[in-house]
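The values are calculated or read from the model by the stated rules, or taken from the named source; none is laboratory data. The model shown is predicted, which means the values in this text are computed figures rather than measured ones. Methodologically, a virtual Cβ is constructed for each residue, glycine included, from the backbone with ideal geometry; neighbour enumeration extends over all protein chains shown.
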Amino acid sequence: MVHQPLIWVLADDRAGNVAQALGVAEALQRPFVIKDVRYTPLARLPNIVTGARLLGLTPETRMGLTPPWPDVVISAGRRTAPVARWIKRQRTPAPVLVHLMNPGRAGATEFDLIAAPRHDCVVPSGDAANVMRITGAPHRLTPARLASAADVWAGRLTGLPRPFVTLIVGGATHSKPFPPALAADLGRRVHRMAEEVGGTVLLATSRRTGRDAELALLAAIPEPRRTFLWSAGGDNPYFGFLALADALVVTGDSVSMCSEACATPAPVYIFAPEGMVAAKHARLHHELYGLGLARPFKGRFEDWTHPALNAAGDVARAVDDLIHQRLQVAS
């Protein structure tokens with residue numbers, strides 16, 4: 001009988017981290033267990049201080065980390081790295097440790113695999129043997145999930161003229177604002193893009209967009225349109241709008257949004273005027289352009305195709321290899 005490895009996914013309070021970890025776990029197509037990780041203020045300490053300990057975790061989190069210990073641990077983001085390293089010390093043979101993004105230099109060599117995006121130039125110990133460079137962020141957007149979302153949302157968009165121009169809007173980051181004037185300019189340009197081909201704008205905003213920017217977008221995009229405003233709540237059509245898009249325009253302030261857009265077959269255009277995004281986001285955009293996965297947004301509707309971006313699948317294949325190697329050693 002083939003041993004089915006026990007896989008733990010460390011899921012903290014960062015939705016982006018969790019989505020990446022779950023994307024890899026789901027791509028493995030093996031059973032896995034989600035372990036919720038919640039923090040106290042001590043988690044703000046640098047990892048070199050935290051060490052391979054549970055310092056900075058709530059009592060409830062500590063109580064959830066008990067035997068049987070896993071064969072594989074998938075973690076993402078700096079604050080889960082010490083937890084993964086602590087788990088490694090709880091059993092022999094040690095579990096396979098897989099980390100997404102930069103875990104920090106402290107203890108980086110303890111991970112069997114670190115999946116670090118190419119646009120993020122800071123990696124532990126340089127490009128060491130345990131570092132795998134990937135494009136963008138792993139995500140959960142598979143062809144099956146896109147097909148399912150299309151089935152759910154197609155009926156809700158009946159009667160709206162095609163092609164559908166989907167506009168996915170992020171917003172302000174810690175260093176870059178997203179003012180209403182910029183939102184209005186984007187909305188007007190996307191509306192003209194859809195109007196020229198007799199289509200419809202499908203707009204979805206996010207929690208970072210802000211109410212003033214949402215109102216500016218609405219004022220700039222007349223009917224025909226279908227909109228989801230984060231501030232208003234309701235059934236989020238994000239996956240459905242991606243799945244049904246004939247063209248996709250996405251703001252360049254989110255690695256996850258750009259990566260998920262490039263998982264669809266639709267032409268992808270990134271809106272990132274000079275000064276809007278951080279340098280690391282700009283590096284990602286240039287990488288996507290160079291690979292033919294996306295193009296800069298210039299307000300024109302063009303019919304072109306690209307391969308699907310699926311970093312989660314690439315990482316999962318590397319993890320599978322590690323699992324097979326570990327099982328062979330154990331036998």
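Which residues, taken from segment 267-292, are touching a residue at least 40 places away in the same chain (Cβ under 8 Å), closer than 16 Å to P117 by Cα and of a type outside the set (D, E)?
Matches in segment 267-292: A278, K280, H281, R283, L284, L288, L291.
For segment 70-84, indicate whether the set of residues that are touching a Ser or Thr at 6+ places or on another chain (Cβ under 8 Å), more than 19 Å from A316 (Cβ to Cβ) and at pLDDT below 95 is non-empty.
no
Mind listing just one residue for me: the one in segment 195-207 that is small (G, A, S) and over 26 Å from the mean Cα position of the chain (by Cα) and, of those, surrounded by the fewest Cβ atoms within 10 Å (Cβ to Cβ)?
G198
Restricted to segment 294-328, and to residues that are more than 27 Å from N130 (Cα to Cα) and of a type in the set (A, V, I, L, M, F, W, C), which residue is nearest to the chain's Cα centre (by Cα)?
It comes out as A294.
Kindly check whether there is at least one residue in segment 260-281 that is outside any loop (DSSP other than H, G, I, E, B), at pLDDT below 95 and among the charged types (D, E, K, R).
yes
How many residues are out of contact with any helix residue (DSSP H, G or I) (no Cβ under 8 Å at 6 or more places or on another chain), of a type in the set (G, A, S) and under 17 Å from F297 (Cα atoms) when one looks only at segment 142-198?
1
I'd like to verify a number: residues in segment 144-194 that are crowded, with 18+ Cβ neighbours inside 10 Å, modelled with pLDDT under 95 and of a type in the set (S, T, Y), how many?
The number of residues fulfilling the criteria is 0.
Looking at (1) touching a Gly at 6+ places or on another chain (Cβ under 9 Å); (2) at pLDDT below 95; (3) among the hydroxyl-bearing types (S, T, Y), can you tell me which one Y39 breaks?
Condition not satisfied by Y39: (2).
Of everything in segment 155-178 that's touching a residue at least 60 places away in the same chain (Cβ under 8 Å) and assigned to a helix (DSSP H, G or I), which residue is farthest from I270 (Cα to Cα)?
R156
I need a count of the residues in segment 1-24 that are without any contact (Cβ under 8 Å) to a residue 60 or more places away in the chain and either part of a helix (DSSP H, G or I) or crowded, with 19+ Cβ neighbours inside 10 Å (or both).
So the answer is 3.
Checking R326 against (1) surrounded by 14 or more Cβ atoms within 10 Å (Cβ to Cβ); (2) of a type in the set (K, R); (3) in a loop (DSSP other than H, G, I, E, B), only one condition comes out false. Which one?
Among (1) surrounded by 14 or more Cβ atoms within 10 Å (Cβ to Cβ); (2) of a type in the set (K, R); (3) in a loop (DSSP other than H, G, I, E, B), R326 violates only (3).
Where residues in segment 38-67 are of a type in the set (A, V, I, L, M) and in a helix (DSSP H, G or I), which of them is surrounded by the most Cβ atoms within 10 Å (Cβ to Cβ)? I'd like the intermediate steps shown before the answer.
First, pick out the residues of segment 38-67 that are of a type in the set (A, V, I, L, M): 42-43, 45, 48-49, 52, 54-55, 57, 63, 65.
Now restrict to residues that are in a helix (DSSP H, G or I): 42-43, 48-49, 63.
Values: L42: 11, A43: 21, I48: 11, V49: 13, M63: 9.
Only one residue tops the list, namely A43.
Given the options A27, A81, A115, name the one that is small (G, A, S), assigned to a strand (DSSP E or B) and within 22 Å of the chain's Cα centre (by Cα).
That would be A115, the only listed residue that is small (G, A, S), assigned to a strand (DSSP E or B) and within 22 Å of the chain's Cα centre (by Cα).
Could you tell me whether R326 is within 23 Å of G23 (Cβ to Cβ) and assigned by TED's automatic domain parsing to the domain that holds L97? Working first, answer last.
Values: within 23 Å of G23 (Cβ to Cβ): yes; assigned by TED's automatic domain parsing to the domain that holds L97: yes.
The answer is yes for R326.
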